[in-house]
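Here is the structure we will look at.
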Amino acid sequence: MENETPLRLIIGHNLADLRKLKGDTQTQLAERFGYSDKAVSKWEHGEAIPDIETLAKLADYYEVTLDFLTHEGTAKEKRQYLQETKIQRLNKNVITILACLIAPIVCVIIYIILSLLPRVDDNHWTLFLWWIPIDAIICFIFNCIWGPRKLQPLFSNIMIWSIITVSYLELGISLPNSIGWNLWMIFFIGVPLTVAAFLWTHIKHSHHN
């Protein structure tokens, strides 16, 4: 037990290694998190430990777990862990991109099929607009699963307003002009939905912390 490395030194060594791998200076890291470079230096030398909230933010910034920060490991083990984390992040991005490509492809296929069928009008070009809200929904779902929480309000707002906008265009084209284009009031629906999405994200984020 006497030979065990104190926790503050383990955290300090890990923070120093991660900062160097990230390419940040102590001053840059301090400015990002609202501390002095002396405070960062104390962390890395094991003279002090960041509070748990700051430690969690550092873990998110370096894309590692708190478990990684609080446990010893050889340089090789750390590099392997970070490499695996990088590969996992790349795989997630690839999956998200492929999922987002499905929507425009499906829209094109449906458009071609409808173009081959006898139709009175040719208003089905609006199909191409639906890939925007569909992709926004896909990105929002994947972001909730494994993405950074700070992007949730962005995707939720794109999802809400794109659905409303495309719906308005569909109604304007499909219904008589005296009715369809006068339904612009549906945009007011986006205001409470945006507020609700913001509050939901804020409450969820507060609960997570």
Condition check: assigned by TED's automatic domain parsing to the domain that holds I95 and exposed (fewer than 15 other Cβ atoms within 10 Å of the Cβ). Does V108 satisfy that?
yes
Of the candidates D51, D24, the one satisfying the condition of being of a type in the set (D, E), without any contact (Cβ under 8 Å) to a residue 12 or more places away in the chain and closer than 15 Å to N14 by Cα is D24
Can you pull out the residues in region 1-44 that are assigned to a loop (DSSP other than H, G, I, E, B) and touching a helix residue (DSSP H, G or I) at 6+ places or on another chain (Cβ under 6 Å)?
S36
Among the residues of region 116-123, are any surrounded by 15 or more Cβ atoms within 10 Å (Cβ to Cβ) and either assigned to a helix (DSSP H, G or I) or modelled with pLDDT of 80 or more (or both)?
no
Region 177-201, subset modelled with pLDDT under 80 and farther than 14 Å from N157 by Cα, residue surrounded by the fewest Cβ atoms within 10 Å (Cβ to Cβ)
S178
Considering only residues that are of a type in the set (D, E) and within 20 Å of K86 (Cα to Cα), which ones fall in region 21-65?
D24, D60, E63
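The values are calculated or read from the model by the stated rules, or taken from the named source; none is laboratory data. Keep in mind that this is a model prediction, so the values were computed, not measured. Ideal geometry is used to build each Cβ from the backbone, glycine not excepted, and the neighbour counts take in all protein chains shown.
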